Amino acid sequence: MTILNADLHCHSVVSDGTLTPEALAARAAANGVELWSLTDHDEIGGQHRAAAAARAHGMKYLTGTEISVTFAGSTVHIVGLGFDPDDDEMLRGLLATRGGREARGREMAEGLAKVGIRGAFEGALQYVGNPDLISRTHFARFLVETGVCADMNEVFRRFLTPGKPGYVEHKWASLAAAISWITRAGGLAVIAHPARYSFTANEEWALFLEFKAHGGLGVEVVTGSHTAAEYVEYAAVAREFGLAASRGSDFHSPEESRTDLGALPYLPGELTPVWELLAHRIQ
Ligand code: AMP
Ligand code: MN
Ligand code: MN
Ligand code: MN
């Protein structure tokens, strides 16, 4: 049976989403998702719950995560799919990657205090589901809830992006390490939402070349973070670099996310879906 409605990118309370793995599974199943993956940032603590919930709804499942990587001085996200969720090297690598988040969060709060926004660290913590994973999203929720900004987009634009008062430079995993953790654990590495990075054409080329050289095999083409024009653009890039294509909503929350689970267009037919290369890893 050919799978069309795969959703291989979303977030639960284990990272910066607002739903539990079980609630996400129910929502994905209700939306007709055939193959699902929960891809929390730098964390795989929700994988066993997600797999069990998928099974309960009769959905196929691939393990997942979205690893924060520093490449050419910017943050890039690498999605890992179909790896062993109990792999030691992967677990240690992710633990180290999320290790600096609390100190970073405190520094972000100091930056915000300087422009008159007090108590942001404690405020953000109210929205955190996993104390190990304090993210910019949690700060953004606090700034919206307290009326400092009208929506998440405004928070990121005014406060949480490079050069803004609440932004703190951070060194994440290396591209080589992230791909190695994923592939050595039996999984497949995917460049997440490539249109979202502010790279020059040369930097983007270098990212794709190095990604391939380290054993990366996939790229997100149809994602909630891309426009329809970007689906077409990155379908061509996938073909050019001989990469398989992935599809995922990047769903975080019913209140905040524009794209629901399973609601995107299907992958263009001429591409190889990543799940064809992962048939042996589907649960
Ligand atoms: P962090 O890993 O702490 O740097 O947080 C990154 C997260 O912030 C991403 O995974 C998104 O969920 C969220 N994010 C980034 N930019 C925006 C934006 N413009 N609007 C809403 N959420 C955003
Ligand atoms: Mn996120
Ligand atoms: Mn991302
Ligand atoms: Mn994501």
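Residues to consider are 262, 248, 215; find the one that is under 23 Å from residue 89 (Cβ atoms) and in contact (Cβ under 8 Å) with a residue 12 or more places away in the chain.
That would be 215, the only listed residue that is under 23 Å from residue 89 (Cβ atoms) and in contact (Cβ under 8 Å) with a residue 12 or more places away in the chain.
Could you run through region 30-44 and say how many residues are free of Cβ contacts under 8 Å to residues at least 60 places away in the same chain, more than 17 Å from residue 66 (Cα to Cα) and assigned to a loop (DSSP other than H, G, I, E, B)?
Counting residues in region 30-44 that are free of Cβ contacts under 8 Å to residues at least 60 places away in the same chain, more than 17 Å from residue 66 (Cα to Cα) and assigned to a loop (DSSP other than H, G, I, E, B) gives 1.
Looking at 19, 35, which one is surrounded by fewer than 24 Cβ atoms within 10 Å (Cβ to Cβ), closer than 28 Å to residue 269 by Cα and in the same structural domain as residue 85 (by TED's automatic domain parsing)?
Criteria check complete, one pass: 35.
Let's see how each residue does on (1) free of Cβ contacts under 8 Å to residues at least 40 places away in the same chain; (2) out of contact with any strand residue (DSSP E or B) (no Cβ under 8 Å at 6 or more places or on another chain); (3) away from ligand 1 (no atom under 14 Å from the Cβ):
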residue: 106; (1), (2), (3): yes, yes, no
residue: 115; (1), (2), (3): no, yes, yes
residue: 119; (1), (2), (3): yes, yes, yes
residue: 123; (1), (2), (3): yes, yes, yes
residue: 126; (1), (2), (3): yes, yes, yes
residue: 129; (1), (2), (3): no, yes, no
residue: 133; (1), (2), (3): no, no, no
residue: 137; (1), (2), (3): no, yes, no
residue: 140; (1), (2), (3): yes, yes, no
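Those residues that are in contact (Cβ under 8 Å) with a residue 60 or more places away in the chain and either away from ligand 2 (no atom under 15 Å from the Cβ) or of a type outside the set (Ser, Thr, Tyr) (or both), I need them from region 1-16; list them, please.
Within region 1-16, 3, 4, 5, 6, 7, 8, 9, 10, 11, 13, 14, 16 qualify.
May I ask you to say which residue of 16, 42 is within 14 Å of the chain's Cα centre (by Cα), within 14 Å of ligand 3 (Cβ to nearest atom), among the charged types (D, E, K, R) and closer than 30 Å to residue 202 by Cβ?
Every option except 42 fails the conditions.
Of the residues 125, 95, 112, 143, only one is closer than 13 Å to residue 16 by Cα and either surrounded by fewer than 16 Cβ atoms within 10 Å (Cβ to Cβ) or more than 18 Å from the chain's Cα centre (by Cα) (or both); which?
Unique residue meeting the criteria: 125.
Is it the case that residue 73 is within 15 Å of ligand 1 (Cβ to nearest atom) and without any contact (Cβ under 8 Å) to a residue 24 or more places away in the chain?
Yes, satisfied.
Among what's in region 148-164 and is β-branched (Val, Ile, Thr) and assigned to a loop (DSSP other than H, G, I, E, B), pick the residue that is farthest from residue 246 (Cα to Cα).
148
Limited to region 228-266, what total is found for residues that are more than 30 Å from residue 22 (Cβ to Cβ) and within 16 Å of ligand 3 (Cβ to nearest atom)?
Selection size over region 228-266: 2.
The values are calculated or read from the model by the stated rules, or taken from the named source; none is laboratory data. Just so you know, these numbers come straight off a predicted model, no measurement behind them. Don't worry about glycine lacking a Cβ; one is built from the backbone with ideal geometry, like all the others, and counts go over all protein chains shown.
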